[in-house]
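Step one of this worksheet: look at the structure below.
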Amino acid sequence: IKLLTLFKMVVLSLLLSGCNILGSDINDHVKNIEKLKSETSLGEVPPPIQFEDFESVVYMGHLKRDPFAVLSFIPDEGPGIERPRCVINRELDVWENYPLSTFSVVGFMELNGQKWALMKTTGDGGTTHRLTIGDHLGKNYGEIMNISKDGGVVTVEILEMIDNPRKGCLKRNTTLSLEQ
């Protein structure tokens, strides 16, 4: 039993002396950090940027004319003046039941010197139609005036007649094209 008690005391004294050694290492480390802090200066942190107050502005662009509207240079002569209407002396083609915006050019072909544009419309479920110069399409009495192919670009030129009760019958050129 005396031997066991002696062994316990030796182990306990070694443990306590080890803590003292570790404690002195920690104290030395803390002293070194404090010394480095005192020797080096990080400088001052600049104050945050001050932003200027901006003057708020009310947007009045909605009072100006629509930049996408078609301009007409026909002067108004006064209220109630009747303008000539678009007169169509023919039976409407089936393709005039759909707006021009539903058509897209999907191809080109030439048979016996006659040029044909292959046009697809979303108005009738995506059917492709073969149209040539003189055919009519679109809600604004559009007539195909020219079909051309230059390199990989197919161009269909359309003349629309827009019936405007205030300004009369207006003509507008529109182009649909396909780049291959």
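The values are calculated or read from the model by the stated rules, or taken from the named source; none is laboratory data. Please read all numbers here as calculations on a predicted model, not as lab measurements. SASA here: full protein model, heavy atoms, side chains in, ligands and nucleic acids out. Shrake-Rupley method; radii C 1.70, N 1.55, O 1.52, S 1.80 Å.
Amide H to amide H, with H built 1.01 Å from N, Gly138 comes under 5 Å of Glu96, Asn97, Tyr98, counting only residues 5 or more places away or on other chains.
Of all aspartates and glutamates in the structure, those lying under 17 Å Cα to Cα from Lys31, and not within fewer than 8 positions of it along the same chain, are Glu39. For Ile26, the solvent-accessible surface computed with a 1.4 Å probe is close to 110 Å², ligands and nucleic acids excluded.
Hey, could you get me the Stokes-Einstein D for region 96-180, Kirkwood radius over alpha-carbon pairs, 10 °C and 1.306 mPa s, rounded to whole µm² s⁻¹? Write out the running numbers ahead of the final one.
Details: Rh = 13.2 Å.
Approximately 120 µm²/s, per Stokes-Einstein.
Available extension along the chain between Val30 and Leu170 is 41.4 nm, counting 0.36 nm per residue and deducting the alpha carbon span.
How far, in nm, would the chain grow between Leu111 and Leu6 when pulled straight, counting 0.36 nm per residue and subtracting the alpha carbon separation?
Numbers: separation 105, 0.36 × 105 = 37.80 nm, distance 11.74 nm.
Taking 0.36 nm per residue and subtracting the Cα distance, the gain is 26.1 nm.
Amide H to amide H, with H built 1.01 Å from N, Phe108 comes under 5 Å of Leu118, counting only residues 5 or more places away or on other chains. Below 18 Å, Cα to Cα, which aspartates and glutamates can Lys35 reach? Residues fewer than 8 away in the same chain don't count. Of all the aspartates and glutamates, those that pass the test against Lys35 - Cα under 18 Å, at least 8 places apart if same chain - are Asp25. For Lys64, the lysines whose Cα comes closer than 23 Å to its Cα, not counting residues fewer than 8 places off in the same chain, are Lys167. Exposure check, 1.4 Å probe, all protein chains in place: Phe103 carries approximately 10 Å² of accessible surface. Counting only protein heavy atoms and using a 1.4 Å probe, the accessible area of Val11 comes to about 60 Å².
Can you give me the Rg/Rh ratio for region 99-146, using Cα atoms for both radii and the Kirkwood formula for Rh? It would help to have the intermediate numbers written out before the result.
On the way: Rg = 10.7 Å, Rh = 11.1 Å.
Using Cα coordinates only, the ratio equals 0.97.
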